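The values are calculated or read from the model by the stated rules, or taken from the named source; none is laboratory data. Predicted model, so just to flag it, every value in this text is computed and none were measured. Virtual Cβ from ideal backbone geometry, glycine too; neighbours counted across all protein chains shown. All accessible areas refer to the heavy atoms of the entire protein, side chains included, with ligands and DNA or RNA removed. Shrake-Rupley method; radii C 1.70, N 1.55, O 1.52, S 1.80 Å.
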Amino acid sequence: MKPKNNLPIGIFDSGIGGLTVVRQMRRILPGEDLVYLGDTARVPYGTKSPETVVRFACEDAQFLVNEGVKAIVVACNTASAWALSALERAFSVPVFGVILPGVRLALKRTGNNRIGVIGTNATIRSQAYTNGILARNDEARVFARACPLLVPLVEEGWLNHSVTDSVLHVYLDPLLSRRIDTLVLGCTHYPLLKPSMRRVVGKGVVLIDSAESCARFVRDRLETLGLLARMRRRKSWIKPFVTDETVRFEAMAGRFLDDEMEPAHKVDLPSFPGSR
């Protein structure tokens, strides 16, 4: 039986956006094995009801637990917003979301306490970022905006396209008019748009990458819990699973990762007790 700290970390997302978290985990925790689940058959979560998101998230997490993971990273802002507390109650392994790390970093980096947040409709509707920021700093002002067109642009590969720049102006110019100095990228697709966003917001706005802040938070917590992997002689691996066809996932994975991974496996998710 493997020592618990040498078990893999499980990561799930509604689709492929969570691969930005995988990329940061590989950079910040290079010794960890990773099991990734992309629920590509039911993407996007950002348009679903909270009850549906909780059910999907529990089924995703159950699959990862069945794979023998030592911890679960919810690499989806929508699932982090609506399902994190349910996951923490339902599973005995540590569960980490992307919202709290982003909140903490935004508050650390802002100079004028005027913080913008962008995300999917469901993430913004949840007010998870707004509530998290205000709970820790009641003098902060939070300006949140849903940006539903950004995920399709990323998945089309239009990362440096004039259409993308135009859409970003529509979404971000109203936030800039509020004099924000910090912008939280509240969707794991959005880090791929950082160069385009930088052209729109200029150098004076700090961009908070929820994928990077999450990976650093997970590293610190696993170290505290004594769950960091010990030194290995072999290279660590990434094992990907999807719930729909693998071809599109593998074609798009190269945009998100700077690393090799084995071919994706198509799986059916287990029902979670009480989820139906």
Give me, ordered by chain and number, the residues 5 or more places off Val73 or on other chains with an amide H under 5 Å from its own placed amide H. Gly10, Ile11, Phe12, Phe96
Non-local residues with an amide H under 5 Å from the amide H of Leu183, with H modelled 1.01 Å from N and Pro and chain starts lacking one, are Gly116, Val206, Leu207, Ile208
What is the log10 of I(q)/I(0) for the stretch 1-107, computed with the Debye formula using one identical point scatterer on each Cα and no solvent, at q = 0.13, 0.17, 0.18 Å⁻¹? -0.44, -0.75, -0.84
Calculate the spin-label point distance for Arg216 paired with Lys4, positioning each point 7 Å from the Cα along the beta-carbon direction, and give it in nanometres. 2.8
The chain accessible area per residue, 1.4 Å probe, protein heavy atoms, integer Å², reads 44
When the helix-only estimate is applied to the chain (DSSP H runs of n ≥ 4, each -39,500 (n - 2.57), divided by the residue count), what is the mean residue ellipticity at 222 nm, nearest 500 deg cm²/dmol? -13500 deg cm²/dmol
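So if I average 1/r over every pair of distinct C-alpha atoms in the stretch 64-185 and take the inverse, what Kirkwood radius in Å does that give?
So the Kirkwood estimate lands at 15.8 Å.
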Let a ≥ b ≥ c be the square roots of the eigenvalues of the Cα gyration tensor of the stretch 151-223; is it rounded (a/c under 1.5), or, if not, prolate (a/b larger than b/c) or oblate? oblate
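Taking a ≥ b ≥ c as the square roots of the Cα gyration tensor eigenvalues, with a/c under 1.5 meaning rounded and otherwise prolate when a/b beats b/c, else oblate, which class fits the stretch 124-249?
The shape class here is oblate.
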For Gly15, residues with placed amide H under 5 Å, excluding near neighbours: Asp39
At 0.36 nm per residue, minus the direct Cα-Cα distance, what do Arg248 and Glu88 gain on full extension? Give it in nm, one decimal, please. 54.4 nm
Among the lysines, select those whose C-alpha is under 27 Å from the C-alpha of Lys203, and discard any that sit fewer than 8 residues away in the same chain. Lys108, Lys194
Rank Glu250, Glu51 by accessible area, highest first, at a 1.4 Å probe radius? Glu51, Glu250
Structure-derived percent of Cα pairs over 28 Å apart: which label, when the choices are (i) 28; (ii) 32; (iii) 56: (ii)
For Ile28 and Lys266, calculate 0.36 nm times their separation in residues minus their Cα-Cα distance, and state this gained length in nm to one decimal. 82.9 nm
Sulfur and carbon atoms: percent of accessible area, the chain [1.4 Å]: 51
